[in-house]
1. Where nothing but the Cβ of Lys and Arg (+1) and of Asp and Glu (-1) is charged, how large is the charge dipole of the protein assembly as shown around its Cα centre, in debye to the nearest 20?
2. Determine ³J(HN,Hα), in whole Hz, for all residues of segment A:610-621 in sequence, where each value follows from phi through the Karplus function 6.51 cos²θ - 1.76 cosθ + 1.60 and θ = phi - 60°; x replaces Gly and Pro.
3. Take the solvent-accessible surface of the protein heavy atoms, probe 1.4 Å, and return the percent of it on segment A:461-603 that carbon and sulfur atoms account for.
4. Just to confirm a number: summing +1 for Lys and Arg and -1 for Asp and Glu over residues other than A:Lys184 whose beta-carbon lies under 15 angstrom from that of A:Lys184, what do you get?
5. For the pairs A:Lys407/A:Lys736; A:Lys631/B:Lys273; A:Lys25/A:Lys548; A:Lys63/B:Lys50, note any where the Cα-Cα span goes beyond 31 Å.
6. What helices does chain A hold that run 20 Å or longer along their axis, going by alpha-carbon atoms, with a Kyte-Doolittle average of -0.5 or more, using DSSP H for the helix calls?
7. Return the single residue from B:Asp119, B:Asp256, B:Asp201 with maximal mean-square fluctuation; model: Gaussian network over chain B, springs between Cα atoms under 10 Å.
8. Say we join alpha carbon atoms closer than 10 Å with springs in a Gaussian network model of chain B; which of B:Ser171, B:Ser197, B:Ser14 then has the biggest fluctuation?
Amino acid sequence: MTEHNPLSQFRVVGTRPVRPDGIDKVTGKAIYGPDHVAPGMIHGAILRSPHPHARIRSIDTSKALALPGVKAAVTGQDLPHLPGKSVSLGEGEADLANLSCNCLARDKALYEGHAVAAVAATSASIAREALKLITVDYEVLPHVIDLEDAARDDAPILHPDLRTQGAEEPSDKPTNIAFTFALKQGDAAKALDGAAAVASGRFAMPPVHQGYIEPHACVASWNADGQGQVWCSSQGPFMVRAVTAGVLDIPVSDVRVTPLEIGGGFGGKTTIYLEPVAMLLSRKAGRPVRLAMSREDVFRASGPAPGLVVDIRIGADAEGNLVGIEADMLYDAGAFPGGGTMLGPLVLSNMYRYPAVDIRTRDAVSNKPSVAAYRAPAAPQITFAIESCIDDIAAQLGMDPIAFRLKNALRPGDTSAMGMECGEIGFVECLDSANAQDHLKAPLGDNEGRGIAAGYWINIGGASSASVSLAEDGSVAVVTGNPDIGGSRASMAIMASERLGVPYEKVRPIIGDTATIGYSVVTGGSRTTFAVGRAVVQACDTIIADMKKRAANVWQVAEDDVEWRNGAVHCTAKGNDNAPMTITEMAENANTTGGPIAAEVSINPHDSLPAYGVHICDVAVDPETGHVSIKRYTVVQDVGRAIHPDYVEGQMQGGAVQGIGWALNEAYIYNSKGCLDNPGFLDYRMPVASDLPMIDTVIVEKPNPAHPYGVKGVGEVPIVPPLAAIGNAVKAATGKRIRELPMSPDRVFAAINGGK
Amino acid sequence: MIAFHSPQTLEDASALLAAEPSARPLSGGTDLLVQMRSGRVEPAAIVDLKQIPSMRGIRAHDGGFAIGAATPCTALLDDAALCAAWPGVVEAANLIGSVQVRNRATMAGNLCNASPAADSVPALIAADARALVVGPAGEREVPIADIPAAPGKTNLAQGEFVAEIRLPAKSASGGDAYLRSIPRTEMDIAVVGAGVSLVLDSSGTCTAARVALGAVAPTALLVEEAGAALVGTGLDDAALDRMADAVRAACNPINDKRGTVEYRTAMAAILAKRATRIAQSRAGANS
């Protein structure tokens, strides 16, 4: 399958070899979270609150413990109380008290499905029986589900000690508003009042779930000597180690975490739910314990992406220059603070030039599961509002939507309203590329419409480690600490192969556990191919330097007279006819030139570059039923450089499809009792294959100077534009601007028939 | 412990079901096993009906068809005569779940699961199909619409089960159709379903019509007024509008996670009209 482009400056980068983990995955040999078995392992089960908000007066586990086969029971009282303690995860801080309370409720159950107790037994069915024998004395409290209700002064209070962080006028009144931030530049109200074209409105969207196929699961073993081990799938074993040790208040060195294969994460596995509970059960039972969520548990108790309500106003002058933006955002945090509040303004300010800005963002807690990251967290929501308005302004001015965006797009050298300097970003290149697509010229039928929308995501770098070692025959082991959620093994192998001049097939990319490789932050933030890839290349460069040194020694020439080229050392000393030595020869002779050839590199780069994408979408709307079908879809994205184009395109397609689901049918639906009404894939409607056309992809490559091959990061931005691209297409087809998600048939039907 | 029985005769099956109040018959298991896994039902005994020879396969019966109750939905597609006579019924049965599910799932199971949204049920009611019910007291033939009693409940007595679905002989100039509304394109449950069966005379005038609806009431409905609105007409737009009025009047849906009262009522009328046009073209093609 390897193809080589003779015009490429690279030998392997940009080709499409078979992924190293492919055979195990298609033959069922890969070990995912719920598959791991440890000798002597027993089975845990978790009792979850049936109430969205209740004080826990007492929990009696004695009858459960008396059931034959039950080996341990734990409640929130078994976890250390850690008020005010937090742990750094590289990407941000995690509040340990909240994390602990989310793993096992302490005083209150804060959402339906909140874990309140757990047992471990010799079989899964005994464990389930034991749960029925646990008595919890609940005092049911008034609950609040709706985001705007939660933010009201008279709302039921979730956390009596919570005070709004960042408030201009601090108050000592209990509140559900956890955080607020405001940014003002210029006089946006005045600019908008005098604008030639203004689009505004209230946009609202409920929480949605990442919908990974693999439920959360782990096995934990905590020995009497204090040494603990955890096997689990996650987006980062070092994250699991940090928070598990943190929640249990034990030394980090007492927890070793082995990553298992991950069946989808999309940001949702950058936190934990089960591991400290499994550790506690294991210590009490003296046996390894498995905990695994059911699909219903995943929906009820693992982090969805936050809902958002935003009032927004954007305007432009008659020439099509944006004059200002006002936005008041309220993100949904779920049960605990942390709704990604700062990310809304970040995204809002990093697309277009706005001379005047007046924005406020807040997050509010409510009786729903604590939110987690989901692919470009907080960006799809606010971008839905922005790109809907941008489209409406272009229409008011009679301007082409791409030309209007080009006129206002941020370019290298610009500084965004949040003060971020734009480096070699490729927003303009994406818009130009979109403009050149045949898709834009394809004719549309009756009741069809075309929409375009753009998206931004920051992309991060961060702590990353990699080791590269040569085997005796010149084959290469590349070890990193980052789970492969999007084809990163293949990318690491390609970059090592390119750098070392060895065949791709001779490179074995391995994902190490927390004891085998240096610290690395999670696979997230679209960072892995950029930051971990850079560590891999630097480790390759380190052993290349070592091999040059050894060759100089063998040849008795100066190191400057040794050159590395095409996988071999060459002697460039004048009048010297030393034959080149290949990497294989260097490996074979390693023990006579200084010993094993290997290097480990740990870095912490912060010069990542953002990603931009532009999506083009054709829809057909059934005017009688309100059904929206996607007829054609093109994703244009600047990726810096595509190391393995298959996995770059796969990310672009997968992100677009998740965005399509978000736009059309996905939503958390709560009943009047505050319970989730659709905790399964039947009624939580992600797209199925027949809902989608082929998602066409156009890779734009404007290299990142901070990466040896130009990588920018690709995984997150493709979920950002679809909500607005589809909204704009529906408007083109029906004339109706829909500001609430999802754009399900009944909502579109109501809009067409004169409803809201 | 759950007792698992594989009787070889209808009589044995009935006796086993009668002996244990919580016993459940099993054919495809696509509803039962899911309900057991989620804890919704906890039967002490399962009676597998698939081993009884008459429970499987499609036979000619009274000029029409007798479909063994354990016949999977996808098997209906292999019977050319059935597909030609009752395409709406076969299509409805093959909208349920996914291909994998339909390789196990049966129409009789769809009927006895008693979901108001069951896809095959409105199509069977429109086709005037009947169920052969076997029980301790012997056999009886029951109109399909009389089997479901309420969501999740049937009118079958202890020990009774459906052994056959019987479709009548099809009129030479008849046609049927079933349409449903779902937010996706497959792997979903009907928000509304509409089945129509009609007969035309040589001039294209409708001489008989049955219109049935799913997911707009606690059980699938036969809307006699809707059929009556079509009979005697040439199926002009005005007749279809009157039919649609009767459909809307018959709707008594609930607001739930799958749809609102307003949307369900509006869709019932639209789907009934669209299904009528398909049935008309099939009847015309047959005449």
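1. Using only the charged Cβ atoms, the result is roughly 1120 debye.
2. x, 10, 10, x, 10, 10, 10, 9, 10, 10, 10, 10
3. C and S atoms contribute 47 percent here.
4. Net of charged neighbours comes to -2.
5. Cα-Cα > 31 Å for A:Lys25/A:Lys548; A:Lys63/B:Lys50; rest within.
6. Span-like helices here: A:379-397, A:533-555, A:645-664.
7. Of B:Asp119, B:Asp256, B:Asp201, the Gaussian network model singles out B:Asp256 as fluctuating most.
8. B:Ser171
The values are calculated or read from the model by the stated rules, or taken from the named source; none is laboratory data. These numbers come from a predicted model, not from an experiment. Virtual Cβ from ideal backbone geometry, glycine too; neighbours counted across all protein chains shown. Keep in mind that these areas ignore ligands, DNA and RNA; they rest on the heavy atoms of the full protein, side chains included. Shrake-Rupley method; radii C 1.70, N 1.55, O 1.52, S 1.80 Å.
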